[in-house]
Amino acid sequence: MTGLPPRLAQVAQQIPAGASVLDVGCSSGLLLAWLQDNRSVDGRGIELDGARVAAAVGRGLSVVQGDADRDLAAFPDQSVDYAILSETLQAMRAPAQVLAELLRIGRRAVVAFPNFGHWRVRLDLLTKGQMPVTRNLPESWHETENIHLCTVRDFKALAAARGYAIEREAYLSGDQPIQWQPNLRADYALFVLRS
């Protein structure tokens, strides 16, 4: 429908036309480019990997190289409508601090991540006694950038503890929406937060 992979399409659905956006961990800018072309957003991005930054800039996007764990402090308070962190939370050294920064910079934050509570992950841990390798977590534990894996329940507990309101949530298993028991059945979770 959107020309985006289902997970990015789920994120794109949360962003209204004409909004201002900061895409944190924007990779090569696929989502940001789509939002600019199809939703007329005023978008910019920050990405750690230099080659991905070059690819995004090559698309004509306003993307800077930076580390979200350190460099978000440079962005002004409430400077965008939406701060996006898509499939990057689990790679942050200080995820709670990054969430606080997102909600300082943006009026709302869109946060999406692989759900470590998914039944296949649980089954692998139970039957094999090893860290799972899945479609959403494809590298071995010693090769992955993922350092803070969480479940849907973990994320909701953090949001509640920090006083963040969850405005919307969406879940996928593969490409299919999940309506019930998302902590067990969804391999991907998305939340729209506000302070």
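Numbers at a glance
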quantity: Residue that is farthest from ALA189 (Cα to Cα), among those in the range 122-137 that are of a type outside the set (A, V, I, L, M) and surrounded by 11 or more Cβ atoms within 10 Å (Cβ to Cβ); calculated: ASP124
quantity: Residue within the range 93-100 that is in contact with a helix residue (DSSP H, G or I) (Cβ under 9 Å, 6 or more places away or on another chain) and part of a loop (DSSP other than H, G, I, E, B) present; calculated: yes
quantity: Output for the range 138-156, where each listed residue is in contact with a helix residue (DSSP H, G or I) (Cβ under 8 Å, 6 or more places away or on another chain) and farther than 18 Å from ALA189 by Cα; calculated: GLU145
quantity: Any hit, the range 161-173, residues being buried (at least 16 other Cβ atoms within 10 Å of the Cβ), outside any strand (DSSP E or B) and touching a residue at least 60 places away in the same chain (Cβ under 8 Å); calculated: yes
quantity: Of all residues in the range 68-81 being in contact with a helix residue (DSSP H, G or I) (Cβ under 9 Å, 6 or more places away or on another chain) and of a type outside the set (Asp, Glu), the one that is nearest to THR151 (Cα to Cα); calculated: ALA68
quantity: Qualifying positions in the range 101-128 - of a type outside the set (Asp, Glu), more than 16 Å from the chain's Cα centre (by Cα) and part of a helix (DSSP H, G or I); calculated: ARG104, TRP119, ARG120, VAL121, ARG122, LEU123, LEU125, LEU126, THR127, LYS128
quantity: Within the range 67-92, tally of residues that are in contact with a strand residue (DSSP E or B) (Cβ under 6 Å, 6 or more places away or on another chain) and assigned to a helix (DSSP H, G or I); calculated: 3
quantity: Some residue of the range 69-85 being surrounded by fewer than 20 Cβ atoms within 10 Å (Cβ to Cβ), farther than 29 Å from ALA165 by Cβ and either within 18 Å of the chain's Cα centre (by Cα) or free of Cβ contacts under 8 Å to residues at least 60 places away in the same chain (or both); calculated: no
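All of the numbers you see were taken from the coordinates with simple rules; none came from a lab. The model shown is predicted, which means the values in this text are computed figures rather than measured ones. In this analysis, Cβ positions are derived from the backbone assuming ideal geometry, glycine residues included, and neighbour counts consider all displayed protein chains.
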